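In what follows, a single structure is set out as structure tokens and then discussed.
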Amino acid sequence: MAKTRPGVASKIKPGRKELDSYTIKGTNKLVRVGDCVLMRPSDAGKPPYVARVEKIEADARNNVKVHCRWYYRPEESLGGRRQFHGAKELFLSDHFDVQSAHTIEGKCIVHTFKNYTRLENVGAEDYYCRFEYKAATGAFTPDRVAVYCKCEMPYNPDDLMVQCEGCKDWYHPACVGMTIEEAKKLDHFVCAECSSDDDVKKSQNGFNSSPADDVKVETKRRKR
């Protein structure tokens, strides 16, 4: 299976009927409109494509087709993969397509960015999306996101960060002269700028879990 080029409309033959669901071949997994699926790539050496099912239909011979909206991986975008892109990050594109339902290999879940950061364990079927992507132009929505640390990079949920109790900014251990092992042992952290401020006091609430969340939990590296 191969993706069509963005903007190239697939021809739909007349006489098709719309279906409520489709059972993935060789499994008992049911795919419905709105579900996210893994689709077999044309190159066996590549990871499966990820798409959101927009419509399911069959012809008179019961050949099932799915109308899908592709998710792009960072390396498939015009800008390529960058340091802040997580291993499970996807972009919801404006690239629509029609493919045979037989190319569906399984189901997956594409979480919102915030919900993904709250997962206790990240499974093989878990992905997240924080950007929409225009495949023809390479433009992103939103075009700006919050940045953190001295390096001023967006948050990558695969990386451990620590929060300063003074300014409340988040820092990568390496950017403040610590190893990850040292950062994991911290009970409190105050950045260099705040440590010179006599008014900074120890927080009574401990660390937040991540820049994407306000829930009071221990700072930790995400499992995946």
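The values are calculated or read from the model by the stated rules, or taken from the named source; none is laboratory data. Note that the structure is a prediction, hence the values are computed from the model and not measured. So basically every Cβ, Gly included, is an ideal-geometry build from the backbone, and we count neighbours across all protein chains shown. In case anyone asks, the SASA skips ligands and DNA or RNA and just uses the protein heavy atoms, side chains included. Shrake-Rupley method; radii C 1.70, N 1.55, O 1.52, S 1.80 Å.
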Problem - Surface/4 of the Cα convex hull for the range 64-155, nm² - result: 6.9
Completion exercise
Interchain or sequence-distant (5+) residues whose placed amide H lies within less than 5 Å of the amide H of Asp169 are Cys164
Completion exercise
For the range 1-154, the per residue accessible area (1.4 Å probe, Å²) is 57
Problem - Taking the C-alpha atoms of the range 150-199, convex hull volume expressed per residue in Å³ - result: 81
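What area, in nm² and to one decimal, does the C-alpha convex hull of the range 122-179 cast on average over all directions? Walk me through the numbers on the way to the answer.
On the way: hull surface 23.7 nm².
Convex hull of Cα atoms, orientation-averaged projection: 5.9 nm².
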Exercise for the section: On the protein heavy atoms, probe 1.4 angstrom, tell me the percent of accessible surface of the range 61-199 carried by carbon and sulfur. Expected result: 47
Practice task
Using only Cα positions of the range 53-112, each an equal point scatterer, no hydration layer, compute I(q)/I(0) via Debye at q = 0.25 Å⁻¹ and quote the log10 values to two decimals.
Solution key: -1.10
Problem - Phi-based couplings in Hz for the range 115-132 (Karplus 6.51, -1.76, 1.60; Gly and Pro marked x) - result: 5, 5, 5, 8, 5, 5, 9, 9, x, 4, 8, 9, 9, 9, 9, 10, 10, 9
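May I ask you to derive the FRET efficiency for Ala58 and Asp126 from their Cβ-Cβ distance with R0 = 25 Å, giving the value to the nearest 0.05? The partial results should precede the final answer.
Details: r = 30 Å, r/R0 = 1.21.
Plugging the Cβ-Cβ distance into 1/(1 + (r/R0)^6) gives 0.25.
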Problem - Evaluated at q = 0.20 Å⁻¹: base-10 log I(q)/I(0), Debye formula over Cα of the range 1-143 - result: -1.30
Exercise for the section: Run the 1.4 Å probe and let me know the accessible area of Leu78, rounded to the nearest 10 Å². Expected result: 120
